[in-house]
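First up is the structure itself, then whatever we jot down about it.
The values are calculated or read from the model by the stated rules, or taken from the named source; none is laboratory data. Keep in mind that what you see is a predicted model, and the values were worked out from it rather than measured. We place every Cβ from the backbone using ideal geometry, glycine too, and count neighbours over all the protein chains shown.
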Ligand SMILES: Cc1ncc(C[n+]2csc(CCOP(=O)(O)OP(=O)(O)O)c2C)c(N)n1
């Protein structure tokens, strides 16, 4: 066979099962785009900003669970896409990003649109390649998919000089597509030890992270929770694993977790931490986290075990397999006093959901929107107060998918990730809760959404400010608010209409619930604009404090004391 490097890349992507990819062309990846156009077997989604392309691919990857692809040109194209790559790294999302690079002979000459993409991507990728010859592509492309999907998933970057894309190569055999490697079987003595610890604990808690979701371990986690009568708390990434109304569900813990969740972790004597990485937003001041508990840490990545919190027992493996192996060894226990203690904590420290009739209360918007979504919906967010309110309030049913930028906390994640989700699952409704600050960071992707008729609804909670920043200034900087309010109103509905979206304005609506229901039922992209009043996301653990030191109640009460 004889073909150019660019044709070879496209063939290899097809052989990996790639149907859709997102990107933006430019000088150094034009041979690749030309090959893409000539082949016609892969759908290309033209993003409006490379960061958007990266997050569209992330949305596809988070929903499909398989590596997805984005393209960018060299220089500014590559630098624009780095944020989405870093985000994928922190949230363990399998991504393959292919960037164009200046021709080999020009590398290192400060050529037009030359940056050291390879160098810049080293710390934010799982692995990266600078391809020197078209022949290397036969190894590099399958390797990239294998690495992105195997073990703990993550992003891989492949930088391909323009002349490598154009050079013609002869070869005889197609390489096998890169596949997820199988892991070594679970270690039975450790599983037995874990079961003993669970069976003898009086107050065990299950702590679920994003790793549970990506391993497909929700069902096993729920069975463990019920069999062992073990309450389950979740990190931001693991939130959707359990039905929020389950008596044993503790929901989010940590910085914006429920008081009862943080108190339960204070009291427990065993934490079974699955697919979590003991991030500071979860643990608060690390040395005060779960002070009375032994820790069983289950993770696919051996580097996570003992990285931040020393585990009494570390189990490396696929979380679903580990939980499934554990289940038959765990005694069915009613353990009545611990669940009743949890019920008592919930009763005494309920999460406030007052103001449910009020349009301007973010929690009422979230709860009402949830009523109109089915069990199969995908819920995405941007980053800020709206994200935390959604994490605290959305009544997850244990089946819905939850897409949020957990580790990097990237404003601008929501809209393109939601578009990617709708590409991966066109039959499902995708609702993105966004804020006026975050929406502005990738607003241009509304044009992409319209062009591909993505079934995405964006519920924009407009508080005319960078709400979460304003909250921190109010609470921790003597209420000195600076650079956190938008002083000139923006007509988001008008802008969205300019992009071609259907828009719904809840302000001033006679029956805003009916309007919201109608908006969520329409097909195609829509923007729902809702004004929200200034409010705080509480409870909140001040940064650097122990989780038991939450700020509760009303900020003004606190400031008055
Ligand atoms: C790209 C990026 N820049 C800055 C921040 C810091 N930051 C965190 S939340 C926030 C405000 C978000 O405002 P908005 O999207 O309107 O949401 P709100 O908090 O008002 O609900 C900012 C600036 C960030 N997380 N990401």
Worksheet item: Which is at pLDDT 95 or above and under 27 Å from the mean Cα position of the chain (by Cα), of 161, 175, 155, 189?
Response: 155
Worksheet item: Which of the residues spanning segment 375-386 are more than 7 Å from the ligand (Cβ to nearest atom) and surrounded by 24 or more Cβ atoms within 10 Å (Cβ to Cβ)?
Response: 378, 379, 380, 381
Worksheet item: Just for segment 526-541: of the residues that are in contact with a helix residue (DSSP H, G or I) (Cβ under 6 Å, 6 or more places away or on another chain) and assigned to a strand (DSSP E or B), which one is farthest from residue 461 (Cα to Cα)?
Response: 526
Response to the item:
Among (1) buried (at least 23 other Cβ atoms within 10 Å of the Cβ); (2) out of contact with any helix residue (DSSP H, G or I) (no Cβ under 6 Å at 6 or more places or on another chain), residue 245 falls short only on (1)
Item to complete: Can you tell me which residue within segment 199-220, out of those that are more than 13 Å from residue 296 (Cβ to Cβ) and part of a loop (DSSP other than H, G, I, E, B), is nearest to the chain's Cα centre (by Cα)?
Response: 209
Fill in: Residue list for segment 344-359, filter: surrounded by 11 or more Cβ atoms within 10 Å (Cβ to Cβ), modelled with pLDDT of 95 or more and farther than 30 Å from residue 215 by Cα
344, 345
Discussion item. On the basis of being in contact with a strand residue (DSSP E or B) (Cβ under 6 Å, 6 or more places away or on another chain), free of Cβ contacts under 8 Å to residues at least 40 places away in the same chain and within 14 Å of the ligand (Cβ to nearest atom), does residue 485 make the cut?
Written reply: yes
Item to complete: Can you confirm whether segment 397-405 contains a residue that is on the phi > 0 side of the Ramachandran plot, modelled with pLDDT under 95 and touching a helix residue (DSSP H, G or I) at 6+ places or on another chain (Cβ under 8 Å)?
Response: yes
Response to the item:
In segment 416-443, anything in contact with a strand residue (DSSP E or B) (Cβ under 6 Å, 6 or more places away or on another chain), over 16 Å from residue 81 (Cβ atoms) and away from the ligand (no atom under 11 Å from the Cβ) is listed as 418, 421, 422, 423, 428, 430, 431, 432
Worksheet item: Within the set of pairs 6+ apart or on separate chains, which have a first residue in segment 360-378 that is farther than 23 Å from residue 523 by Cα and free of Cβ contacts under 8 Å to residues at least 60 places away in the same chain, a second that is within 16 Å of the ligand (Cβ to nearest atom) and assigned to a strand (DSSP E or B), and C-beta atoms under 6 Å apart?
Response: none
Worksheet item: Only one of (1) surrounded by fewer than 20 Cβ atoms within 10 Å (Cβ to Cβ); (2) modelled with pLDDT of 95 or more is not met by residue 560, so which one is it?
Response: (2)
Worksheet item: Mind checking which residues of segment 334-350 are farther than 16 Å from residue 268 by Cα and in a loop (DSSP other than H, G, I, E, B)?
Response: 334, 349, 350
Discussion item. If residue 363 meets every condition in (1) part of a helix (DSSP H, G or I); (2) over 26 Å from residue 217 (Cβ atoms); (3) away from the ligand (no atom under 16 Å from the Cβ); (4) in contact with a helix residue (DSSP H, G or I) (Cβ under 8 Å, 6 or more places away or on another chain) apart from one, which number is that one?
Written reply: (3)
Practice prompt. Could you list all residues from segment 505-525 that are closer than 19 Å to residue 454 by Cα, touching a residue at least 60 places away in the same chain (Cβ under 8 Å) and part of a helix (DSSP H, G or I)?
Written response: 516, 517, 519, 520, 521
Discussion item. So if I check each of 460, 501, 466, 446, which one is within 16 Å of the ligand (Cβ to nearest atom), touching a strand residue (DSSP E or B) at 6+ places or on another chain (Cβ under 6 Å) and at pLDDT 95 or above?
Written reply: 460
Item to complete: Kindly establish whether residue 6 is surrounded by 15 or more Cβ atoms within 10 Å (Cβ to Cβ) and within 23 Å of residue 416 (Cα to Cα).
Response: no
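Please list, ordered by residue number, the helices (runs of 4 or more DSSP H) wholly in segment 62-154 having 2 or more residues that are in contact (Cβ under 8 Å) with a residue 12 or more places away in the chain, touching a helix residue (DSSP H, G or I) at 6+ places or on another chain (Cβ under 8 Å) and surrounded by fewer than 24 Cβ atoms within 10 Å (Cβ to Cβ). Spell out the reasoning first.
Working: elements: 76-90, 117-121, 137-149.
The qualifying helices (runs of 4 or more DSSP H) are 76-90, 137-149.
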Worksheet, complete the sentence: The condition from (1) part of a helix (DSSP H, G or I); (2) farther than 16 Å from residue 20 by Cβ that residue 55 misses is numbered (2)
Item to complete: Provide a single number: the residues in segment 53-103 that are over 14 Å from the mean Cα position of the chain (by Cα), under 20 Å from residue 30 (Cβ atoms) and within 16 Å of the ligand (Cβ to nearest atom).
Response: 3
Worksheet item: Do the conditions hold for residue 380, that is, is it part of a helix (DSSP H, G or I) and in contact with a helix residue (DSSP H, G or I) (Cβ under 7 Å, 6 or more places away or on another chain)?
Response: no
